[in-house]
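Asks: My questions will all concern the structure given below.
The values are calculated or read from the model by the stated rules, or taken from the named source; none is laboratory data. Bear in mind the structure is a predicted one, so any value in this text is a computation, not a measurement. Glycine also receives a Cβ, built like all others from the backbone with ideal geometry; neighbour counts cover every protein chain displayed.
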Amino acid sequence: MSNATNPKDLEQVEKLRKAYAAMKAEIQKVIVGQDHVVDELFMALFCRGHCLLIGVPGLAKTLLISTLAKVLSLSFNRIQFTPDLMPSDITGTEVIQEDRTTGRREFKFLPGPVFANVILADEINRTPPKTQAALLEAMQEYQVTVGGKRHELQKPFFVLATQNPIEQEGTYPLPEAQLDRFMFMVKVDYPSAAEEREILRRTTEDRSTEIKPVLGAAEIFDLQSIVRRVPIADAVLDYALRLVRQTRLTTGEAPDWVKEWLQWGAGPRASQNLVLGAKAHALLQGRFYVAAEDIRAVCKPVMRHRLITSFAAEAEGITTDKVIDRMLQEVDPNKSAVLEDGKLPRVIAQG
């Protein structure tokens, strides 16, 4: 596939890069460091995906998300998930109201906090599965159903959920089916010493920061359409396909070490998100084509929550990130796969 692009495409790439640079500059007025987190959030946004942020308390996850909404000039709602939260507390409810002129009573729908462009689902694992599932239809279908009636959500619609990895008492871990709805699982780490010093300086002074909106809803729709127009060569597509398919233990394509370390592999949604994420990453790098490096760049956030490690791996301290690291070392991006009888041959780089 040729990497040649027409001037209009190059103009669109430059438009996206300029918008991204402007948005990042505004966010950096408030957020210190966390560059990879900001990058992955924007990539998911441009791909119409949702993110699950994993990090201990105090790492400014909530501040980052609310600042993102301001930069994008979008409506924002925060939902604090608790054990007593009901599905109607998220989606909304129907109430009986009386018309003062006619005296007639009728049901009226009162929208819940999910009716916003950017939703912060704070500590999503603190609420029971029934309430977690209330978010599922909204994330996938961009609508909610209350009282048998469907209500469309505003677009763009972007769910950013947070989860505390160290506190598991009284929590309800998200089922795999719901985890799969998140395009990225983003790890939020502790800041470096220099970054934490700057955080201390900023947060202990009497100062206020004004965030300027950079993009509106219409411009976001345009940028989202650009991502899906980025071409990808068959060889790069096969590379993404091999990475995902070798995690599946039942297909016969997984190497022995994968069978030992994994209990369950990634599904087709992982392949789709790997390609979409790579397209967004390529655009942020100023290219209107996907390279193998783009696939590698988004492999961890796409796949880390879609793999289930075995008991043997957990005993050895093997995490899904370590599994992905080994896959990236062993799978050769330069070898094309040949489809035979519906299966991909195992193509591993020879050391």
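Asks: Out of all the residues in the stretch 272-286, which are surrounded by fewer than 18 Cβ atoms within 10 Å (Cβ to Cβ) and more than 18 Å from GLN178 (Cβ to Cβ)?
Replies: GLN285, GLY286 - these are the residues of the stretch 272-286 that are surrounded by fewer than 18 Cβ atoms within 10 Å (Cβ to Cβ) and more than 18 Å from GLN178 (Cβ to Cβ).
Asks: Tell me whether the stretch 100-117 contains one or more residues that are under 25 Å from ALA19 (Cα atoms) and under 19 Å from the mean Cα position of the chain (by Cα).
Replies: Yes, the stretch 100-117 has at least one match.
Asks: Return the pairs, sorted by first residue and then second, in which the second residue is outside any helix (DSSP H, G or I), the first residue lies in the stretch 269-297 and is among the β-branched types (Val, Ile, Thr), the beta carbons are less than 9 Å apart, and the residues are 6+ apart or on different chains.
Replies: Short answer, once both residue conditions are applied: VAL275/ILE232; VAL275/VAL290; VAL290/VAL230; VAL290/PRO231; VAL290/ILE232; VAL290/ALA233; ILE295/PRO333.
Asks: Of the conditions (1) in contact with a Cys (Cβ under 6 Å, 6 or more places away or on another chain); (2) touching a residue at least 60 places away in the same chain (Cβ under 8 Å), ILE324 fails just one. Which one is it?
Replies: (2)
Asks: Helices (runs of 4 or more DSSP H) wholly in the stretch 135-247 with at least 2 residues that are of a type in the set (Asp, Glu) - which ones?
Replies: 193-203, 217-228, 234-245
Asks: Among the candidates ILE318, ILE308, which residue alone is of a type outside the set (Phe, Trp, Tyr), surrounded by 18 or more Cβ atoms within 10 Å (Cβ to Cβ) and in contact with a strand residue (DSSP E or B) (Cβ under 7 Å, 6 or more places away or on another chain)?
Replies: ILE318
Asks: What tally of residues in the stretch 15-43 results from selecting those that are among the charged types (D, E, K, R) and at pLDDT below 80?
Replies: Residues flagged as among the charged types (D, E, K, R) and at pLDDT below 80 within the stretch 15-43 amount to 1.
Asks: Just give me the residues in the stretch 123-143 being touching a Phe, Trp or Tyr at 6+ places or on another chain (Cβ under 8 Å) and under 13 Å from PRO87 (Cβ atoms), in sequence order.
Replies: THR127, PRO128, PRO129, THR131, GLN132, ALA138
Asks: While we're here: Taking the stretch 70-95 as the region of interest, how many residues are out of contact with any Leu (no Cβ under 8 Å at 6 or more places or on another chain) and over 19 Å from HIS151 (Cα atoms)? Break it down stepwise before answering.
Replies: Within the stretch 70-95, the first condition is being out of contact with any Leu (no Cβ under 8 Å at 6 or more places or on another chain), and the residues that meet it are 70, 74-75, 80-89, 91.
Then drop every residue that is not over 19 Å from HIS151 (Cα atoms), which leaves 70, 74, 80-85.
Final tally of qualifying residues: 8.
Asks: Would you check if GLN140 is under 17 Å from MET183 (Cα atoms) and surrounded by fewer than 13 Cβ atoms within 10 Å (Cβ to Cβ)?
Replies: For GLN140, the condition - under 17 Å from MET183 (Cα atoms) and surrounded by fewer than 13 Cβ atoms within 10 Å (Cβ to Cβ) - is met.
Asks: Further, regarding this structure: Residues that are free of Cβ contacts under 8 Å to residues at least 12 places away in the same chain, over 20 Å from ALA278 (Cβ atoms) and of a type in the set (Gly, Ala, Ser): does the stretch 68-76 have at least one?
Replies: no
Asks: So, one more: State which residue is surrounded by the most Cβ atoms within 10 Å (Cβ to Cβ) when the search covers only the stretch 248-266 and only residues that are assigned to a loop (DSSP other than H, G, I, E, B) and of a type in the set (Val, Ile, Thr).
Replies: THR251
Asks: Given the condition at pLDDT 80 or above and out of contact with any strand residue (DSSP E or B) (no Cβ under 9 Å at 6 or more places or on another chain), answer yes or no: does some residue in the stretch 142-161 qualify?
Replies: Among the residues of the stretch 142-161, at least one is at pLDDT 80 or above and out of contact with any strand residue (DSSP E or B) (no Cβ under 9 Å at 6 or more places or on another chain), which makes the answer yes.
Asks: Within the stretch 226-233, is even one residue exposed (fewer than 14 other Cβ atoms within 10 Å of the Cβ) and within 25 Å of the chain's Cα centre (by Cα)?
Replies: Yes, some residue in the stretch 226-233 is exposed (fewer than 14 other Cβ atoms within 10 Å of the Cβ) and within 25 Å of the chain's Cα centre (by Cα).
Asks: Which one of the conditions (1) closer than 26 Å to VAL37 by Cβ; (2) in contact with a Gly (Cβ under 9 Å, 6 or more places away or on another chain) does ARG248 fail to meet, given that it meets all the rest?
Replies: (1) is the only condition that ARG248 fails.
Asks: Oh, and also: Among the residues of the stretch 1-13, what is the count of those that are under 27 Å from the mean Cα position of the chain (by Cα), loosely packed, with under 14 Cβ neighbours inside 10 Å and either modelled with pLDDT of 80 or more or within 24 Å of ASP234 (Cβ to Cβ) (or both)?
Replies: Total satisfying the criteria: 1.
Asks: Let me ask something else. Looking at (1) under 21 Å from VAL56 (Cα atoms); (2) free of Cβ contacts under 8 Å to residues at least 60 places away in the same chain, which one does VAL188 not meet, given that it meets all the others?
Replies: Single failed check for VAL188: (2).
Asks: Ok, one more. Report yes if some residue within the stretch 159-177 is touching a residue at least 12 places away in the same chain (Cβ under 8 Å), surrounded by 12 or more Cβ atoms within 10 Å (Cβ to Cβ), of a type outside the set (S, T, N, Q) and farther than 30 Å from TRP264 by Cα; otherwise report no.
Replies: no
Results for (1) within 27 Å of HIS305 (Cβ to Cβ); (2) touching a strand residue (DSSP E or B) at 6+ places or on another chain (Cβ under 6 Å); (3) buried (at least 19 other Cβ atoms within 10 Å of the Cβ), shown as yes or no for each residue.
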| residue | (1), (2), (3) |
| --- | --- |
| MET23 | yes, no, yes |
| GLN34 | yes, no, yes |
| GLY58 | yes, no, no |
| ILE79 | yes, yes, yes |
| THR82 | yes, no, no |
| SER88 | no, no, no |
| ASP99 | no, no, no |
| GLY103 | no, no, no |
